[in-house]
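Below is one structure, written out as structure tokens; the observations come after it.
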Amino acid sequence: MIHLNIKPIVLILILLIISCKSAKLSSSKTDIQYQKEGYTYGIITPKDNGNCGWIISVAKNINYDPINIEDEKFVQFSLTKESIYFKFLPLRMKNRCKNASPIALVEVALTTN
């Protein structure tokens, strides 16, 4: 009688384990998938001078100043130099950093490279 009660529980546990592994495999996206979803590739670098706390470099002469990088959901990306994919909103405000446009981050994801 005990064996009849254990079989459904074991079956449910096996299904949960399989579903967790398949979710992990599908979560790594390619560069093309990120670009199709509207993400921009960049390298975020912490700075120690003045109002410029962090700079996101996208290309040779395109730099962004993320003003909301210290928000709770983005703080993990502000600790070290990282390659990231990010979505942002451009801001119409005075530049805090020379040669960097102010932006508000919407979403950030670490690259899998």
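Numbers below:
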read-out	value
Of Lys36/Lys81; Lys60/Lys98; Lys73/Lys98; Lys36/Lys87; Lys29/Lys60; Lys73/Lys94, those spanning more than 23 Å from alpha-carbon to alpha-carbon	Lys36/Lys81; Lys73/Lys98; Lys29/Lys60; Lys73/Lys94
Hz values of 3J(HN,Hα) by residue in the range 67-75 - Karplus curve (6.51, -1.76, 1.60), Gly and Pro given as x	6, 10, 5, 7, 4, 4, 7, 10, 4
Distant alpha-carbon pairs in the range 31-110 (separation over 21 angstrom), percent	20
The range 24-99: trypsin sites (Lys or Arg not before Pro) in DSSP loop, at most 16 other beta carbons within 10 Å	Lys29, Lys47, Lys60, Lys73, Lys81, Arg92, Lys94, Arg96, Lys98
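Every number in this text was worked out from the coordinates using simple rules, so none of it is lab data. The structure displayed is predicted, hence computed values, not measured ones. We place every Cβ from the backbone using ideal geometry, glycine too, and count neighbours over all the protein chains shown.
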